[in-house]
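Worksheet: one structure, shown below.
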Amino acid sequence: MDEFAKTLLMFPVLECITLTSKNRVWYWSDTFRAALDDRLNLPTVKEIHFVGGKDFPFALLDVCEHVENLLLSGSTFGVEGRLCDSTPSVEVPRIIH
């Protein structure tokens, strides 16, 4: 993941980021997490897709004010303390204030 973090930072203009968790668990090194935070904060990123597992770091989305479409897909995403076991995907449109 640390090597891919260097590659990720080589893309200064991204419009969509899609990540899939391996083994249905979200875990990133500090180096990859910092690179991902940086890329998610790009004003060009309009869509984010996470195909996933449990223990998703929702705080990661705090910097994504410019994102218009967020797709959380998977049977184990937690929403407000509940698991979305019956819903294969949860699409959350971004509300602009």
**Computed label-point distance, nm, for sites Glu65 and Tyr27 using a 7 Å Cα→Cβ extension** = 3.4
**Request:** Taking H placed 1.01 Å from N in the peptide plane, check which residues at least 5 places from Gly74 or on another chain put their amide H under 5 Å from its amide H.
**Result:** Gly52, Ser89, Val90
**Prompt:** For the stretch 2-53, what relative contact order do you get, as a whole percent, if you take Cα pairs closer than 8 Å and at least 6 residues apart?
**Reply:** 56
**Message:** What Kirkwood Rh does the stretch 1-61 have if only Cα atoms enter the pairwise 1/r average? Answer in Å.
**Reply:** 12.0
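Rule-based calculations on the coordinates, nothing more; no lab input. Remember, predicted model here, so these are calculated numbers, not experimental data. Cβ atoms come from the backbone with ideal geometry, glycine included; neighbour counts cover every protein chain shown.
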